Each structure stands twice: as C-alpha cells, then as structure tokens.
1. Determine whether region 57-80 contains at least one residue that is charged (D, E, K, R), over 23 Å from residue 150 (Cβ atoms) and at pLDDT 95 or above.
2. Against the conditions (1) buried (at least 21 other Cβ atoms within 10 Å of the Cβ); (2) out of contact with any Pro (no Cβ under 7 Å at 6 or more places or on another chain); (3) of a type outside the set (Phe, Trp, Tyr); (4) at pLDDT 90 or above, where does residue 86 fall short? Just the number, please.
3. Do you know which residues across region 155-171 are surrounded by 17 or more Cβ atoms within 10 Å (Cβ to Cβ) and not charged (D, E, K, R)?
4. Across region 13-36, what is the total count of residues that are in contact (Cβ under 8 Å) with a residue 40 or more places away in the chain and either farther than 17 Å from residue 101 by Cβ or not charged (D, E, K, R) (or both)?
5. Just to be sure I understand, how many residues within region 115-139 are free of Cβ contacts under 8 Å to residues at least 60 places away in the same chain and buried (at least 21 other Cβ atoms within 10 Å of the Cβ)?
6. Restricting attention to region 129-150, does a residue exist that is within 30 Å of residue 29 (Cβ to Cβ), assigned to a loop (DSSP other than H, G, I, E, B) and among the basic types (Lys, Arg)?
7. If you check every pair at least six apart or on different chains, which have Cβ atoms under 9 Å apart with a residue in region 62-87 that is farther than 21 Å from residue 99 by Cα first and a residue that is among the hydroxyl-bearing types (Ser, Thr, Tyr) and at pLDDT 85 or above second?
Amino acid sequence: MGKQGSFVKRFTDIVISILSLIITSPIFLLSAIFIKLESIGPVFFLHERTGFKGKPFKMMKFRGMIDNALNYGPGITQINDPRITKVGKFLRRTSIDELPQFINVLKGEMSIIGPRPEITSITATYNDQQKRVLDFLPGITGISQVNGRQTLTPEQRTKMEVDYYSHETFLKDLIIFFQTFWVIITNKGNI
C-alpha cells in the first residue's frame, strides 16, 4: 500500500501476502478438496492478464468453472454462467477464488492495492488514455473493486483507476483495504 513503486508499498505487499497465505492455508486446503471432489481438472485456473507496462502474466485463481470452460463459452464470465460449478459459485460469492493471487503478489506481478488486471484481448483495444492504467502494478483489490466491481464498463474502470493511482497514498490505500472486506461480505457488484 502506498505510492506505486515505493519500498513501503512492496514491503507491505510482501508482509500482507505472507500473513494472508499462512492464515488462509486451511481455506486453501478445503477449497482444493471441494474443487477436486466436484469436477475433474486442476485446482487452479491460470488466466493471462495484462500487467505492469503491458507485460502479460498468468493470474492465479481457484478454478470455479468446469474444466476447459474457455472452450465452451466466452472468455468473460456472464451472469448466471452455466459453466460455473456449485463450488465455484460459493468461491466467487465469497471471493475465496481470489486468494491464490497473493502468490502473484509475492512474485511481483501484482500488488495488494492496484488496478484490476484485465484480460489481454480487452487491453489490446485500449485507447491511449486507457493504456495509462498499465503504468501501475495491478492489484488484488483497488478503487474500482470497492466502487462498482464488475458492474463497471472497462472505460469507467480505467478512468477511475488512472485518476486514483496517479495520486494514491498509503492512507487512501488503507481505506480501500478495509472497504474490500465490506464489499466481500455484501457481495456488492459481483456476478
């Protein structure tokens, strides 16, 4: 948390990620067991996203859809998507499916607070103004996740994110961090 590229932000990211992975390790184990019991396929879903300075990376999530779901529908999850498994619905509703992204943070591909990492096919269509969002390390949570989440269009999201991350501070990030828990509890803006 704090200014992009600062020592404080990276240090905070590492500490929070390590603590989160330790604390949630029982949830990791239970999620893996339930995913494997319900359907064939891997526990984790690796999806290519656009990262810092446009560099693609594989964002980690718990798999919440049938195996090879991308072969059976669009690359973006739809409302009432039939490819989502029962376990997947629970993981998504509670945002547990996002927990593996703490590994992406430890690898330096993501931050705790930052713009939502977008699918590469969408960022390929960004105009120059929208591409400015790629100047910031993507985050597990951030300003768009606590202010609309999946109800925002890519245009609304990138404008909000560029405005916020150009002037972010540790205190503002801390507020977003705590707001995230309320968004998860209320499931606001999630599909």
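The values are calculated or read from the model by the stated rules, or taken from the named source; none is laboratory data. No experiment lies behind these values; they were computed from the predicted model shown. Positions of Cβ are generated from backbone atoms using ideal geometry, with glycine treated the same way; all protein chains shown enter the neighbour counts.
1. no
2. (1)
3. Keep residues of region 155-171 that are surrounded by 17 or more Cβ atoms within 10 Å (Cβ to Cβ), which gives 157-162, 164-165, 168.
Across region 155-171, the qualifying residues are 158, 160, 162, 164, 165.
4. Kept after step one, since they are in contact (Cβ under 8 Å) with a residue 40 or more places away in the chain, are these residues of region 13-36: 13-14, 16-18, 20-21, 24, 27-28, 31, 34-35.
If we keep only those that are either farther than 17 Å from residue 101 by Cβ or not charged (D, E, K, R) (or both) as well, we get 14, 16-18, 20-21, 24, 27-28, 31, 34-35.
Total satisfying the criteria: 12.
5. 4
6. Taking region 129-150 and keeping what is within 30 Å of residue 29 (Cβ to Cβ), we get 137-142, 145-146, 149-150.
So of that shortlist, the ones also assigned to a loop (DSSP other than H, G, I, E, B) come out as 137-138, 142, 145-146.
If we keep only those that are among the basic types (Lys, Arg) too, we end up with none.
The answer is no, given that none of the residues of region 129-150 is within 30 Å of residue 29 (Cβ to Cβ), assigned to a loop (DSSP other than H, G, I, E, B) and among the basic types (Lys, Arg).
7. From residues that are farther than 21 Å from residue 99 by Cα, there are no pairs.
One line per residue, one yes/no per condition, for (1) part of a strand (DSSP E or B); (2) within 24 Å of residue 90 (Cβ to Cβ); (3) modelled with pLDDT of 95 or more:
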site	(1), (2), (3)
14	no, no, yes
17	no, yes, yes
27	no, yes, yes
34	no, yes, yes
45	yes, yes, no
